[in-house]
1. Classify the range A:4-85 as rounded, prolate or oblate from the Cα gyration tensor: take a ≥ b ≥ c as the square roots of its eigenvalues, call it rounded if a/c is under 1.5, otherwise prolate when a/b beats b/c and oblate if not.
2. Compute the whole-percent fraction of alpha carbon pairs in the protein assembly as shown spaced more than 37 Å apart.
3. Along the charge dipole of the protein assembly as shown, which of B:Thr167, A:His127, A:Leu101 sits closest to the positive end, that is, farthest toward it, with unit charges on the beta carbon of Lys, Arg, Asp and Glu (+1, +1, -1, -1)?
4. To the nearest 20 Debye, how big is the dipole of the range A:1-85 about its Cα centre, given +1 on the beta carbon of each Lys and Arg and -1 on that of each Asp and Glu?
5. Go ahead and estimate [θ] at 222 nm for chain B from helices alone: -39,500 (n - 2.57) per DSSP H run with n ≥ 4, summed, over the residue count, rounded to 500.
6. Are there trypsin sites (Lys or Arg not before Pro) in the range B:188-217 that DSSP marks as loop and that have at most 16 other Cβ atoms within 10 Å, and which are they?
7. Got a sec? Charge dipole of the protein assembly as shown, +1 on Cβ for Lys and Arg, -1 for Asp and Glu; which of A:Leu59, B:Phe348, A:His24 is way out at the positive end?
8. Nothing charged except the Cβ atoms of Lys and Arg (+1) and of Asp and Glu (-1): what's the magnitude of the dipole of the protein assembly as shown about its Cα centre? Round to the nearest 20 debye.
Amino acid sequence: MGDTAARDLVVEMVGLNKWYGQHHVLRDITLGLAKGEKMVLCGPSGSGKSTLIRCVNGLEAYHEGDLQVGPTRLDGTQASLATVRSRVGMVFQNFNLFPHLTVLQNLTLGAVYARGEPEHRAIERAHELLERVRLSLADRQVSGATVRRPAPARGDCPRADAGA
Amino acid sequence: MSGPASFALPTHSPARASRIEVRGPLAFARSHLFPTRTTGIATLILGAMVAVALWHILRWSIIDAVWYSPDGSAACRTAMGACWAVIAEKYRVILFGTYPYDQQWRGVAIVAVWLGWGVVSATNWLAVGTRLAGWTIVYVGSIVLLAGGVLGLEPIGTDLWGGLPLTFVIFGGTVAGGLPLAVLLAIGRRSQLPVVRLLCVATIEGVRGIPLLALLFFAALILPLFLPPELSVDKLIRAEIGMIVFFAAYAAEVVRGGLQAIPEGQDEAAQALGLGYWLRMRKIVLPQALAIVVPALFNDIIRAFKNTTFFSILGLFDVLGATKAALQDPEWVRYGTEGYLFVFLLYFLICSAMSRYGASIEQDNQSRLRRAV
Ligand SMILES: Nc1ncnc2c1ncn2[C@@H]1O[C@H](COP(=O)(O)OP(=O)(O)OP(=O)(O)O)[C@@H](O)[C@H]1O
Ligand SMILES: [Mg+2]
């Protein structure tokens, strides 16, 4: 993968391995993602793309190898999880938006409660992000295909260094 | 290249009258009461029986009833119908128990505030937090008012508390103490920590395994025999703790059902945002889980209201206990039917009102859930 310092990696995996029971899902994954770089992960269904991405913000634990996100080594401790999750945004395969909250609350929840940003700043930023996915809060009924649009916006909210 | 016919633009058809049968009392009677000859005859026979029964009830309860009997129960003894005079005579004992007569205005105030706030908080005029805060104030205020000893109010011991205010206070304490405990037990039962999980399972299963009456007897009558005198706690409080634990054990399983109904992705999404365990519970999981289980919770809440009648067996004068005491008056002892009918009606009205309360919260939740996804 080359010299870490020189390439300024935001995500770095070295020899990552993960099993579900006896099912060896991630086998010796070694990859690096530089700042500003975009990466597309391709593979058949069930090949472990989601699992790999879920490892990056600690939703799944890995069993062997090393995973570094920004300056933090994800070693399963609460402290490392908290730091990484406040910096990594994620859009879920099936979105998992919070149905009991408004679109705006969906976007500001993490900023306000996990990162302690002042609410007005979080709202401002949420409006910018909604602008980018062409959704206005004037649309009172968010339905059908529009439902998924806040999802990338929420995923982006942490001012992501890495987009999953 | 012409487009397929099936995709032709819709043209406007003229409106036609519906062929579905017109609604209305006549149409209903024809289709539901007299659809065939046999059903028609059955309707007539059953209708006649209902009419006779209703006539008897009407005659007993209204036409031949005695509403007012100035000199003892004399007027009732000769009458054919119900003796509602017993209510007129005893309503203060039934509604306020042994609470000192000249202080019963406090009880009136408490009942009025409960009913008033019940109506206001059943609507969605106020935010949920405001409604709950209001109930807390109402509850604490009721206890202060009953107990006295502040603001120049004469102090009155719990052994004299009684009637509807006591029933309300027992019930309010059960729900206010039991719901949070239920949530904790439900969360604990799903915990990763084996000790916590075991403790919660043992509490839930243990309490669910004993009858409420046995639990109350133990708390009110047997427990003090084992406790050193300096640890003595008021009988009312001991029984109340029994009620709270009993309520919580049942409601915990209801809440757990709600927690299980929330897709795991919700908690994961909140984790991905970096929220800690208790924040995820408070902001994401519990609001959705509790909204789902409102109907089942109101089942338990209404039952808790009716379970307050168990206190009458412990020698406390809740509405039922006070009624029992009031009807022991030899002058009126023959009119227990009327007295208990009045109490049934009272419980029925309050419990139906609570059903409506639950339904309105459900509607409120639904309109909120529809907002986002
Ligand atoms: N919690 C789990 N327990 C056991 N096995 C799992 C679990 N999660 C995923 N798997 C298995 O791991 C493999 C990889 O799953 P993953 O969801 O990462 O695939 P994917 O590449 O994202 O597929 P898709 O393109 O369908 O989203 C699959 O075979 C799946 O059955
Ligand atoms: Mg996937």
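1. Values: a/c = 1.80, a/b = 1.24, b/c = 1.46.
The shape class here is oblate.
2. Of all Cα-Cα distances in the protein assembly as shown, 55 percent exceed 37 Å.
3. The residue sitting farthest along the positive end of the dipole is A:His127.
4. Value, rounded to 20: 300 debye.
5. Rounded to the nearest 500, the figure is -20500 deg cm²/dmol.
6. B:Arg190
7. It is A:His24.
8. That gives a dipole near 1620 debye.
The values are calculated or read from the model by the stated rules, or taken from the named source; none is laboratory data. Predicted model only: the values in this text are computed from it and were never measured. Methodologically, a virtual Cβ is constructed for each residue, glycine included, from the backbone with ideal geometry; neighbour enumeration extends over all protein chains shown. Each accessible area value is taken on the protein alone, full model and side chains, heavy atoms only, with ligands, DNA and RNA left out. Shrake-Rupley method; radii C 1.70, N 1.55, O 1.52, S 1.80 Å.
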